[in-house]
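Encoded as structure tokens, the structure appears first; notes follow it.
The values are calculated or read from the model by the stated rules, or taken from the named source; none is laboratory data. Values in this document were obtained by computation on a predicted structure and should not be read as measured data. Note that we place each Cβ from the backbone using ideal geometry, even for glycine, and neighbour counts take in every protein chain shown. With ligands, DNA and RNA removed, areas are computed over all heavy atoms of the protein, side chains included. Shrake-Rupley method; radii C 1.70, N 1.55, O 1.52, S 1.80 Å.
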Amino acid sequence: MTNLKKACSLFVFCSAYFTVTAQVPANASITAYSITKLSDRFHIAPRPINDSFSLFVFTRLIKELDEDKVYFTKADIDELSAYKFGIDEEVKAKQVKFLAAVTKILSNRLAVMDTMISSVCAKPFNFSVTDKFTIAENKEYPSDAKAQRGKLYKLIKLSVLNKLLDEDELYTLDGKAFDDFLAKQEILSRKKTEKRFINAIKMITQYTGGLSQYVADEYCKAIALSYDPHTEFFPKAVKDDFETEIGQDKIGFGFSFKEEGGILKINSINPGSPAYKSGQMNKGDEVVSFQWGSQEPLDVRTAGADQFRMIMKMNNQEKATFKLKKLDGTERSVVLFKEKLIDEAEQNRVKSFILKGTKTIGFISLPAFYQDWDVNNDGAKGCANDVAKEILKLKKENIEGLILDLRYNGGGSMQEAIDLSGIFIDAGPVGQQKSKDPKVFTLKDISRGTVYDGPLMLMVNGYSASASEMVAGTLQDYHRAVIIGAPTYGKATAQAVLPLDTAFLIESDITAYKTDNFLKLTLGELYRITGNTAQAMGVIPDILVPDVAELTPQQEKFNDRVILSKPIEANKYYRPLPQIAMGKLQQAANEKMAASDYFKKLSDYNTAIIAERNEKDETLMLRPAMAEMKAFEKKINGKEEVKKKDVAFSVQNNIFTTQQEAMNVSLKEFNEQWIRFLENDPYLGVAYAAMLEMVL
């Protein structure tokens with residue numbers, strides 16, 4: 001069940017990083033103080049440092065340290081609650097009494113946790129005994145050590161049960177065969193779960209600075225988040241990781257992996273990467289252990305893919321040693337350093353295809369607004385330039401319309417969003433930005449002319465955010481494109497990463513400040529050229545297409561401390577094009593959805609997801625849990641079963657990609673996966689049907 005799978009996942013990671021020391025880092029008070037000072041000076045809407053601030057920081061920190069409420073006891077929370085409304089005064093006075101208290105208590109609680117985990121996992125779980133994990137137990141802190149062990153027991157048992165529910169063979173057996181299979185899988189699942197929980201504690205010990213630094217960093221993160229959901233405290237490693245995420249070149253080892261039968265195996269090696277150049281890592285190798293620098297190796301044989309991925313993201317600089325088990329059974333240690341990666345299948349993250357049906361329509365996917373960090377290249381490697389290149393390739397194919405897919409595009413570089421908008425409109429305003437200064441700054445496309453002036457459609461959904469919303473809103477306001485899909489995320493604020501130095505000046509060179517800590521700070525609000533904002537509301541598509549219901553709670557408006565922006569005046573130089581007639585487009589989309597089995601089943605799927613999201617007691621008995629799983633999958637699988645080809649076009653490569661494939665087998669496989677996906681995408685089918693009415 002969905003709730004079953006979510007119930008235990010947080011435990012494995014929520015408490016990350018402790019050592020035996022409980023001493024507060026010397027600079028913790030200065031760091032906390034500096035966050036509030038920089039925020040007061042530059043944040044678009046700074047909040048007062050008062051009791052409300054204290055309560056937020058207290059609640060957020062305790063939740064992050066112990067989201068499953070299994071480490072702290074009720075007495076611990078009662079003791080710490082004495083600081084609940086005094087954190088504001090501590091920050092102002094550069095004191096860390098609360099931080100010291102929570103660090104000491106957490107250190108004491110975690111010191112015995114690995115032993116407790118091993119004790120719980122020492123004996124087989126009996127899934128026939130009437131038992132359940134109640135809502136009340138889930139929400140309450142244990143009253144004492146006995147209750148703490150009891151709750152941990154249920155969390156681990158629930159995790160083991162989830163693994164058993166994933167065993168498809170279990171549903172096909174009965175009698176002795178069922179019992180034998182269950183006994184075997186229970187041992188494997190229990191040992192794997194034990195190692196995952198123990199590995200989580202080992203990960204804690206390897207946090208730079210130990211438990212005290214971890215708690216201090218989480219404390220500072222809570223202080224930053226008290227301003228808004230996107231103001232974040234960045235220790236240096238996190239800042240480096242953030243920049244690689246929105247840059248085109250990523251830092252990494254250069255291999256992908258997969259979980260196969262509960263074992264982590266190397267899936268592919270990127271040409272030219274550290275893994276490739278080592279000559280010692282091959283597809284099919286089993287990852288036995290992982291070691292950062294000279295730290296203790298982590299046994300990852302039973303770690304899940306998510307946990308292994310998290311481990312590898314903990315550091316961007318040091319060398320890592322991978323112990324691999326080769327296909328012949330021998331073991332080999334491979335030392336790698338992270339480097340910037342250039343993957344031919346990924347170096348140009350923009351993908352284009354031709355949709356060949358009654359009309360020839362171009363299709364471009366843009367998953368992120370990455371930018372060119374090299375100032376000497378003048379944006380030559382940014383996503384806007386890459387989109388322009390793909391458009392030129394598609395125009396060689398005589399496309400009659402273009403679909404730009406911004407679904408799941410969470411944003412990135414705002415300058416790239418401005419440049420991308422300029423590809424489709426002539427020079428002029430594309431948006432507005434406001435900082436603490438009352439003056440409104442106009443975001444302009446300064447390049448005359450367009451790269452593409454034909455029929456245009458943008459696909460969006462609830463994960464399209466920030467820069468994606470700016471482009472969608474701009475092209476919608478200019479009547480330049482039809483927006484199709486679900487309402488977007490609703491993030492219309494702008495952030496910048498600043499050095500955590502109270503002497504920082506906004507005009508200065510960031511590299512001149514020597515600090516290991518940074519603050520991603522919300523410096524501005526973004527507005528559409530009409531003066532309206534997508535903040536907390538999103539961009540509402542011209543043609544609404546129902547989407548999966550579970551996206552909705554993740555939108556901006558549901559976040560804590562969300563900024564609610566007020567409309568401003570429209571840009572006076574904004575001159576929209578004639579409105580696009582939507583009647584026939586909407587009708588074509590409606591007819592396509594009405595004829596699609598996928599969309600017929602989507603409503604039932606959404607209803608099931610919403611019901612499953614509701615809190616409820618969870619059974620710890622295998623047979624009832626299997627019955628619940630079968631019932632739930634029956635409700636949701638109908639949607640997936642009909643997610644088959646019902647589109648009225650074939651998907652083809654452009655001639656440039658075809659030529660590249662002839663020389664690159666991995667690129668050919670990569671593109672074939674894309675084509676299979678697009679030919680079975682019901683949302684693209686609806687967009688294509690509507691687009692046909694634009695190109696008559």
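Extension gain, Lys616 to Asp174, is 156.2 nm, computed as 0.36 nm per intervening residue step minus the present C-alpha separation.
The trypsin sites (Lys or Arg not before Pro) of the range 81-181 that DSSP puts in a loop, and whose beta carbon has at most 16 other beta carbons within 10 Å, are Lys84, Lys94. Here the accessible area of the range 403-551 is 55 percent carbon and sulfur, with a 1.4 angstrom probe and all protein chains present.
Could you compute the FRET efficiency for Lys396 and Lys634, with r as their C-beta to C-beta distance and R0 at 30 Å, rounded to 0.05? Calculated transfer efficiency: 0.05. Probing with 1.4 Å while keeping every protein chain in the model, the per residue accessible area of the chain equals 45 Å². Which whole-number percent gives the relative contact order of the chain, counting Cα pairs below 8 Å spaced six or more residues apart? Dividing the mean separation by the residue count of the chain yields 14 percent. Going through the range 467-527, which trypsin sites (Lys or Arg not before Pro) have at most 11 other Cβ atoms within 10 Å and a DSSP loop state? Within the range 467-527, the qualifying trypsin sites (Lys or Arg not before Pro) (loop, at most 11 other Cβ atoms within 10 Å) are Lys514.
With Cα atoms defining each centre, the range 434-501 and the range 275-314 are spaced 39 Å apart in the structure.
Please work out whether the range 590-635 counts as rounded, prolate or oblate from its C-alpha gyration tensor, where a ≥ b ≥ c are the square roots of the eigenvalues and a/c under 1.5 means rounded, while otherwise a/b larger than b/c means prolate and anything else oblate? It comes out oblate by the Cα gyration axes. Each of the peptides 427-434, 587-594 was scored by the mean count of other Cβ atoms within 10 Å over its residues; in descending order, highest first, they stand as 427-434, 587-594.
As a size descriptor, the averaged projected area of the C-alpha convex hull of the chain was calculated at 31.9 nm². Compared with the alpha-carbon gap, the fully stretched path from Ala122 to Asp144 is longer by 5.8 nm at 0.36 nm per residue.
Rounded to the nearest 500, the helix-only mean residue ellipticity at 222 nm of the chain stands at -13500 deg cm²/dmol, with each DSSP H run of n ≥ 4 adding -39,500 (n - 2.57).
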